[in-house]
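The values are calculated or read from the model by the stated rules, or taken from the named source; none is laboratory data. Every value quoted in this text rests on a predicted model; they were computed, and no experiment measured them. Ideal geometry is used to build each Cβ from the backbone, glycine not excepted, and the neighbour counts take in all protein chains shown. We work out accessible area using only protein heavy atoms, side chains counted, and drop any ligands, DNA or RNA first. Shrake-Rupley method; radii C 1.70, N 1.55, O 1.52, S 1.80 Å.
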Amino acid sequence: YVDLQYGTRLNGGAELAIRTYYDRYRYDGDYLYSGTLNEDRAAAAWYGGDVRMTTRLLNAHKLIVGTEYEVRGRQDQYNADASPATVYLDDHRSSRTWAVYAQDEISVSTAFLLYAGVRYDWTSTFGGTTNPRVAAVITPIENGTLKLLYGTAFRAPTVYELYYEALPSILSNPILQPERIQTYELVYEHDLGNGLRASASRYSY
């Protein structure tokens, strides 16, 4: 993998971060089943970049906005027996993803921070999805912090989960849809001093 990052502070105090990358992956597996050599192969190459800006507004808002873009130009999978030569899978695919997001950290008071954010993701295989996230961080007493968090997220299936097949025992499932989750969490943390911290949480996923 190759990863290049650049960061700078703009006029007015805003911070700009830019990143670009290129990655390659290859997998070769040879497996002997009942005297038959099975050749399992995978190869991938992808590149992309992201831009993120952080700025302060009216002294009470810390705003983060950004965008990401990725091209998965090579997503190859292959499975075959060497002798007798039998090809079970020879799959070649490509895909693209992009996203935009924004988050606002609001200083309601010295003891109350409110976070509100939203992210939109688009994939060429499944389309778009919007996911919000909110959090309240309260300091009701000295050394004690109460956090209330809510959010949604998703995970798109991989090409392996969708299309990998090695008949007769392993079947593909091209109609898989993205996983989706809603999370609720209540956390209390207390600094006991001398390097000790206690926490209790209640969460529902």
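One table, with the values for the structure above:
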| item | result |
| --- | --- |
| Fluctuation leader among 34, 124, 94 - the chain, Gaussian network, Cα springs under 10 angstrom | 34 |
| Cα-based Rg / Dmax (Å) for region 5-147 | 23.7, 73 |
| Cleavage-rule hits (chymotrypsin sites (Phe, Trp or Tyr not before Pro)) in region 1-39: DSSP loop, at most 10 neighbouring Cβ within 10 angstrom | 1 |
| With DNA, RNA and ligands ignored, accessible area of residue 190 (1.4 Å probe; Å², nearest 10) | 50 |
| Choice from 12, 127, 195 showing the highest fluctuation, given a GNM over the chain with Cα pairs closer than 10 Å | 195 |
| Region 58-74-region 126-205 distance, computed between alpha-carbon centres (Å) | 19 |
| Choice from 123, 36, 152 with maximal GNM fluctuation in the chain (Cα, 10 Å cutoff) | 36 |
| Relative contact order, percent, region 1-113 [alpha-carbon distance under 8 Å, six or more residues apart] | 21 |
